[in-house]
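The values are calculated or read from the model by the stated rules, or taken from the named source; none is laboratory data. Treat the numbers as computed from the prediction; the structure is a model and nothing was measured. Counting neighbours? That spans all protein chains shown, and the Cβs are built from the backbone with ideal geometry, glycine included. Just so you know, the surface numbers come from the protein's heavy atoms only, side chains and all, with ligands and any DNA or RNA stripped out. Shrake-Rupley method; radii C 1.70, N 1.55, O 1.52, S 1.80 Å.
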Amino acid sequence: MSLRIDERGMTTTHLMLFATLAVCLFTFAARSRNLEVRVMHGDEANQAVRAGGLIDAGVYHYDPTDHHGPVMYYAAIPFCKATAKTFADTTERNFRMVPVAFSLMTLLLMLGLYARDRKGLFTHPAGVMTAIGLTALSPAMNYYSRFFIQETMFVTFLTGMLVCAVHYVRAGGGTRKGAWMAGGFGACLGLAAATKETIVLSVAAAGIAALCACGFRRLLAAWNTRDFLIMLGAAALVMVLFFSSFFTYPKGLYDAVFATFGAYAERAVVEDHTHPWNFYLRLLFWHKYSPAITWTKLGGLMGVLNPMSSSHAVGRIWSEAGVLIPPALLAAALAFAPRRDARAGSGGTPAATRWLRFAAVYTLALTAIYSAIPYKTPWCMLAFLHGYILLAGIGVGLAWERVSRLPAKGRWASVAAIGAFLAYAAAHQGAQAYYACFKLPADIRNPFVYAHTSQSALDIVDAIEEAAQKADGFATSIAIATPPSDTWPLPWYLRKYTQVGYWSSVEDIPPGFEPAILVVSQAERDPATDRFSGILRGTDFGIGIRPSTLLNIFLPDTLSDTDE
């Protein structure tokens, strides 16, 4: 028996790997740049403080009511410990490097979706490399990969599940490799579940897509009990480890199984984040906030330059040509186009076509599920946005395959057209990502900015620091009396202070307690003035911590007199 090595195939594989590594290096340089500049979002601060307790005390207790799974908190430990001994020593960069790192893992995992034997999601190198490039340049992916929130790593684990599923199907049930892929799928499923509870939505969409792509009979014929138990065991083991805080808090596992559903069913209709069904579609495909800027995935950043306002001139006008939609529609159309392929073996539907159908139905089903839920926050769309990116990559790959079969005269013109489209897509997506991350990172004209902390919130932090320096430094007593939702991100910015108390109202502050610094909501200004008159003096105006949310700061009366 002689062993022949397909040098051409090896070269293609190596080129794809080197190209992906180059994309990863570029992506790392872009996404890790100036991570500390943008003011902390309230959700980021909340997550960071939760991780801070784990960093300092080594203790974490899962709370299904107000928080997501624990994976991100544990993942933050090495990034924080690398440069800081305690939570107080950490910086925004420590925490935001976590999603940056996982975003790079997603790009690497996507290589596993390519199969030279045409039994994977991608059958042509141009397709998978396009998808990797679009993921790297995606404005939403870039923007939220610089947020210390769960969505970026959630996409990583979903991608890992898909990679394992592709290779499980290629290996076949009951094989040794199939068992390993079943275990890998279960591990990624467990990590996704221990990251964010919305995994149930992705699983539901995947179930619908599998039925549409394969049919019940084929799925039943492919069933393997051993592999299913391996998958289930791996998922259960990961979930038990994380939700029980590595066997130190068993109640966390109980809450994850029995309390999560009720908590999220209640949260799904909370009025603060209720939006119409087309909220995500408008953000992704046509968002217009003001004449100054029009965002669209269909054509990049448009109308950026407002001739009426030179102070907001941050770019140029872009065309309206498509980026994701044309190749994604091509892929979706071909997924259900009637055809037969000799490579299918028995004359049935080829594996690549079934995977294409799965991706199309999964993406549309997940979009519909998220759109139907009244509770919406823009970062949730990453789960199905990645599906559209995958479809766009598949569409480019399919177009490239068909172009390669054309006569030489028409082939080069078609190749040039595809190349021009890819260059156009890269320019537009890259421009949007640049403006989103570096020009308008906390500006309400940015479509991805949502309930973000105002830059003026740092004025509160600066005033506290200045007053504390004239008092007891980091031991200065500080009282915060605001509704819990209006408190954030102050706990992050006050993490070095050792004498900070948080209450919902001035009335809740213990009798006899006289803080050196007091921060209250606008509604609590008068009660604070009445109670601390002669001791503290409030500012004459509120300071915006978020749009439409004002806080007042009270400083020592003697200090105010001195400053005046």
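Place a point 7 Å from Cα of S404 in the direction of its Cβ. Which residues in the stretch 92-125 have their backbone N less than 17 Å from it?
The answer is 113-125.
Report the gain in length on full extension from L21 to D462: 0.36 nm times residue separation, minus Cα-Cα distance, nm rounded to one decimal.
The L21-D462 span can extend by a further 154.6 nm.
Provide the per-residue ³J(HN,Hα) series for the stretch 141-147, in order, calculated from phi with Karplus coefficients 6.51, -1.76, 1.60 and θ = phi - 60°, each as a whole number of Hz, with x at glycine and proline positions.
4, 5, 5, 7, 6, 9, 10
How much solvent-accessible surface does K496 expose, in Å² to the nearest 10, with a 1.4 Å probe and all protein chains in place?
The value for K496 is about 100 Å².
Angle check, please: helix 71-81 long axis (alpha carbons) against the longest principal axis of the chain (alpha carbons), in degrees 0 to 90, nearest 10.
Approximately 70 degrees, to the nearest 10.
Fully extended, how many nm does the chain gain between T377 and A221 (0.36 nm per residue separation, minus their Cα-Cα distance)? Could you put the intermediate results ahead of the total?
Values: separation 156, 0.36 × 156 = 56.16 nm, distance 3.98 nm.
Residue separation times 0.36 nm, minus the Cα-Cα distance, leaves 52.2 nm.
How many angstrom lie between the Cα centre of the stretch 155-227 and the Cα centre of the stretch 460-531?
Cα centres, the stretch 155-227 to the stretch 460-531: 50 Å.
Taking 0.36 nm per residue of sequence separation and subtracting the Cα-Cα distance, how much length would be gained by fully extending the chain between F438 and T12, in nm to one decimal? Mind dumping the intermediate values first?
Details: separation 426, 0.36 × 426 = 153.36 nm, distance 3.54 nm.
Contour length minus Cα-Cα distance gives 149.8 nm.
Using modelled amide H (1.01 Å from N, peptide plane; none on Pro or chain starts), what sits under 5 Å from the amide H of W503, excluding residues fewer than 5 places away?
I480, A481, T482
Non-local amide H neighbours of L551 (under 5 Å, H modeled in plane, Pro and chain starts lacking H): which ones?
Sorted by chain and number, the residues that satisfy this are I543, G544, I545.
Rank these residues by their accessible area, most exposed first, probe 1.4 Å: V500, V519.
From most accessible down to least: V500, V519.
Skip the ligands, DNA and RNA, and give the accessible area per residue of the chain with a 1.4 Å probe, whole Å².
45 Å²
What order do you get for 506-515, 350-359, 21-30, 238-247 when each peptide is scored by the mean count of other beta carbon atoms within 10 Å, highest first? Intermediate values should be presented prior to the final figure.
Details: 506-515: 13.0, 350-359: 23.0, 21-30: 15.3, 238-247: 18.4.
Output ranking for 506-515, 350-359, 21-30, 238-247: 350-359, 238-247, 21-30, 506-515.
Would you list the P(r) distribution for the stretch 66-195, with all Cα-Cα distances sorted into 10 Å bins from 0 and each bin expressed as a whole %?
13, 35, 32, 16, 4, 0
Using the basic label-point model (7 angstrom from Cα toward the beta carbon), what is the L237 to N278 distance in nanometres?
4.9 nm
For Y254, what accessible surface area do you get with a 1.4 Å probe? Give it in Å², rounded to 10.
130 Å²
Which ³J(HN,Hα) values, rounded to whole Hz and listed in residue order, are derived for the stretch 461-467 from phi using the Karplus coefficients 6.51, -1.76 and 1.60 in 6.51 cos²θ - 1.76 cosθ + 1.60 with θ = phi - 60°, glycine and proline given as x?
Listing the rounded values in order: 4, 5, 5, 5, 5, 5, 5 Hz.
With labels modelled as points extended 7 Å from the Cα through the Cβ direction, what inter-label distance (nm, one decimal) is found for S548 paired with V415?
Roughly 5.6 nm, to one decimal.
Taking the stretch 475-541 as the region of interest, what is the percent of Cα-Cα pairs per 10 angstrom bin, listed from the shortest bin to the one with the maximum distance?
Taking all Cα pairs of the stretch 475-541, the binned fractions are 21, 58, 22 percent.
With runs of 4+ DSSP H residues as the only contributors, calculate the mean residue ellipticity of the chain at 222 nm using -39,500 (n - 2.57) per run, divided by the residue total and rounded to the nearest 500. Provide the component values of the computation, followed by the final result.
Numbers: 23 runs with 310 residues, N = 564.
Value at 222 nm, helices only: -17500 deg cm²/dmol.
Which entries of K81/K439; K376/K496; K85/K196; K439/K470; K119/K177 show an alpha-carbon separation above 24 angstrom in the structure shown?
K81/K439; K376/K496; K85/K196; K439/K470
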